[in-house]
Every structure is written in structure tokens, then in C-alpha cells.
1. Among the residues of segment 100-111, is any surrounded by 13 or more Cβ atoms within 10 Å (Cβ to Cβ) and either under 19 Å from Tyr34 (Cα atoms) or modelled with pLDDT under 85 (or both)?
2. Please verify whether Thr39 is closer than 13 Å to Arg96 by Cβ and surrounded by 10 or more Cβ atoms within 10 Å (Cβ to Cβ), treating the condition exactly as stated.
3. So how many residues does segment 54-99 have that are of a type in the set (S, T, N, Q) and in contact with a Leu (Cβ under 7 Å, 6 or more places away or on another chain)?
4. Identify, by number, the condition in (1) of a type in the set (Asp, Glu); (2) over 16 Å from the mean Cα position of the chain (by Cα); (3) at pLDDT 85 or above that Glu86 doesn't meet.
5. Can you tell me which residue is nearest to Ile78 (Cα to Cα) among those in segment 23-53 that are modelled with pLDDT under 90 and of a type in the set (A, V, I, L, M, F, W, C)?
6. Report, by residue number, each residue of segment 86-97 that is of a type outside the set (Val, Ile, Thr) and in contact with a Gly (Cβ under 9 Å, 6 or more places away or on another chain).
7. Test each condition in (1) more than 14 Å from the chain's Cα centre (by Cα); (2) part of a loop (DSSP other than H, G, I, E, B); (3) closer than 22 Å to Ile122 by Cα for Gly51 and report the one that comes out false.
8. With respect to Asn71, is the statement that it is within 15 Å of Thr39 (Cβ to Cβ) and loosely packed, with under 14 Cβ neighbours inside 10 Å true?
Amino acid sequence: MKKETFINTTGKIAAVIAFLAIAYYFIQDKYKSYKKTCTLGRLGDTIKPYGQDFQIRFTVDFNGSRRHSFNSVGDNNIENRTYLIEVAIRKPNRSRILWDYPVPGTLKAPYEGWEEIPAFLIQKEGD
């Protein structure tokens, strides 16, 4: 009897994990389909929700409104307080920090952002 319960529980756990993996794939695929722009964001506080990776709050001024969002820190080193942010135009709350692009705090972004990463921010290999 206990073996059957274990098998049923294991099957349910596997089904939930498979469902979450498939849902994550579709969410990421949907995000990739959004038209995006780049702007500047200022990093704020770091928090650690229970059972999750460290999250960092950031603020983005985009099209005349200020938005707040969170991103996972992951293995990234926070070198700066201002970073280039990828903003989905129709869903600006789903912004992402582009960790490879720390920028000086004195830089100003255009009102509607840049259509692509500005050439002056792209570092050449070996720099």
C-alpha cells in the first residue's frame, strides 16, 4: 500500500514539474515576441524571497512614466547602480536588466528609449 502512495505522489510531483517547465517555456517565448526598446534603469534594494534567488528592485523611466520591477540577480556581480534595461513596449512591467551593460549615472536616455543597444555602449572583445 505504501509503495502505491509513493508512486502516486512521485507521479504528481513529476506532472507539476513538467507543467511548470512547459509554462516557463511559453512565457519566455511570448516575451521574445514583444517589440522591445532599451532605456536606462537605476538599481535599488536587493531582497531574498523565501526559497528563491536574490531579487533586485529597479526603476525605469519610460515614455514619461516611472515603473518599478524586479529581476533575479543570479550569478551577476553588481558593478554599478545604473544599467541598460530591455523594456517590452506594450508590457513595460516585464522589463529585464541587461547585466552586460552597466552605464555611467550621468548618461541620459531618449524619451522613448533606443531601438537597439547603442553602439557606444557595446564593448569590443579585449577592451
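The values are calculated or read from the model by the stated rules, or taken from the named source; none is laboratory data. The shown structure was predicted, so the numbers you read here are calculated from the model rather than taken from an experiment. Ideal geometry is used to build each Cβ from the backbone, glycine not excepted, and the neighbour counts take in all protein chains shown.
1. No, every residue in segment 100-111 fails to be surrounded by 13 or more Cβ atoms within 10 Å (Cβ to Cβ) and either under 19 Å from Tyr34 (Cα atoms) or modelled with pLDDT under 85 (or both).
2. On the way: closer than 13 Å to Arg96 by Cβ: yes; surrounded by 10 or more Cβ atoms within 10 Å (Cβ to Cβ): yes.
Spelling it out, Thr39 is indeed closer than 13 Å to Arg96 by Cβ and surrounded by 10 or more Cβ atoms within 10 Å (Cβ to Cβ).
3. Our first condition is that a residue be of a type in the set (S, T, N, Q); within segment 54-99, this holds for 55, 59, 63, 65, 69, 71-72, 76-77, 80, 82, 93, 95.
With in contact with a Leu (Cβ under 7 Å, 6 or more places away or on another chain) added as a condition, the list becomes 82.
Here the count works out to 1.
4. Among (1) of a type in the set (Asp, Glu); (2) over 16 Å from the mean Cα position of the chain (by Cα); (3) at pLDDT 85 or above, the lone unmet condition for Glu86 is (2).
5. Checked segment 23-53; the qualifying residue nearest to Ile78 (Cα to Cα) is Ile47.
6. Residue satisfying the conditions is Ser95 alone.
7. Exception for Gly51: condition (3).
8. No: the conditions fail for Asn71.
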